[in-house]
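Chemist: Encoded as structure tokens, here's the structure I'll be asking about.
Just so it is clear, none of the values below were taken in a lab; they were calculated from the coordinates. Computed from a predicted model, the values in this text were never measured in an experiment. When we count neighbours, we look across all protein chains shown, and the Cβ atoms used for this are built from the backbone with ideal geometry, even at glycine.
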Amino acid sequence: MSPILKRCLIPRSIISLRLYSSGQPQAVNTFQTAIETAEKLVQPKNDSTFSDPFSIVSHEMSNLAKLIANLIGSGHPTLNRVSSYYFEADGKNVRPLIVLLLSKALLNIPIEERNRITIDSSDVTTQPHFAGTPLNNSIAGKSVDESISPLTILHGINPKVILDPLSKPMDELPKFDALNGILPKQRRLAEIVEMIHTASLLHDDVIDLSDTRRGRPSGNIAFSNKMAVLAGDFLLGRASVAIARLRNPEVIELLSTTIANLVEGEFMQLKNTVMSGEDPNSITNDGDIKDIPKATGKVPTVEHEYSVTSPGEVDHDTNVSAAFEYYLHKTYLKTASLMSKLSRAAGVLSGSQDNIIENCYEFGRNL
């Protein structure tokens, strides 16, 4: 471990003792002091990068909405309007920011320590960061903008009428990638996760009867519930196409499960608690109780091992513990699942070792 890193990892208790060793107690926030000390150690004076991670990937973030717009075009003007509505307002963009920052951080791992790396021909192979890396010339070596199936099949009836937004050239961005080390697939990953998140916002606003989103009327208010739901479905469809074109089975699996997790988490939120005592065979909608159709048994239902069951006649403490477990699981499915799996996907695309990829997952899960 480097001397600088060792100094950055001084326990907070030791820092606190040093602050008070003068004999006169001082009202100082020890954690804030530790941060300020670490900042001075690893950053030049007057450098705002430490406190503003956005500045590290400002170029990619400033082009995010424009690049996503290239992925969601369609042949219907109303669909274009609804699907791009939430991207027009400035959101937090936390998820793509995590992808890009992790990609930059993973760049510093030497190539010889990345035992899973094979740079595709679509990546910028002239980058000095990837010198000497084996080149994959199989189907996985195609560009993230190239279709896997023929466009005539993908577009169906009349492909000439519909512009394929996923086959547009990437302009000068690969040239910029050659300077900063972020691979095209990692940048595309950032765009995909924001599309998935935005689709979930469109659906959530319908379910929650929301009036506003990002300082504007929500999609369901500006257009209608039906259009908002369809636009969310469309975004998930386009995101799925982009996921497939990453041509990495593990990343495809990771991101596909996040979509299922979002839906399952939303169903858990509709129930909202495991100790309501309500009839599990009925649902309430606007005060009206409706019986849920009973299963025919033709399709066997298998619960996942991570499912949370409702306790029966148990004491209060057990009920509270079960409710908290339910809350944590719902929060993971609705929020942490995408955060953790996009972080792992960024690690997978970097070709890093398994332990680094696992650390990426834990980082995203515990944000």
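Chemist: Fully extended, how many nm does the chain gain between Asp208 and Asp233 (0.36 nm per residue separation, minus their Cα-Cα distance)?
Modeler: Residue separation times 0.36 nm, minus the Cα-Cα distance, leaves 7.3 nm.
Chemist: What's the local net charge at Ala242, with K and R +1, D and E -1, over the other residues with C-beta under 9 Å away?
Modeler: Counting the neighbours of Ala242, the net charge comes to +2.
Chemist: Please list, ordered by chain and number, the residues whose modelled amide H lies under 5 Å from the amide H of Arg213; skip anything fewer than 5 residues away on the same chain.
Modeler: Ser218
Chemist: Roughly speaking, what is the stretch gain from Lys226 to Asn115, that is 0.36 nm per residue apart minus the C-alpha to C-alpha distance, in nm to one decimal?
Modeler: 35.2 nm
Chemist: Quick check for me: using +1 on Lys/Arg Cβ and -1 on Asp/Glu Cβ, what's the dipole size of the stretch 204-244 about its Cα centre, in debye to the nearest 20?
Modeler: That gives the stretch 204-244 a dipole magnitude of about 180 debye.
Chemist: By counting other Cβ atoms within 10 Å of each Cβ, how are Lys104, Lys66 ranked from fewest to most?
Modeler: Lys66, Lys104
Chemist: Something else now. Place the peptides 254-261, 339-346, 69-76 in order of packing, highest mean first, counting for every residue the other Cβ atoms within 10 Å and averaging per peptide.
Modeler: 339-346, 254-261, 69-76
Chemist: Compute the length gained on full extension between Thr318 and Ser62: take 0.36 nm times their separation in residues and subtract their Cα-Cα distance, giving the result in nm to one decimal.
Modeler: So the extension gain works out to 87.3 nm.
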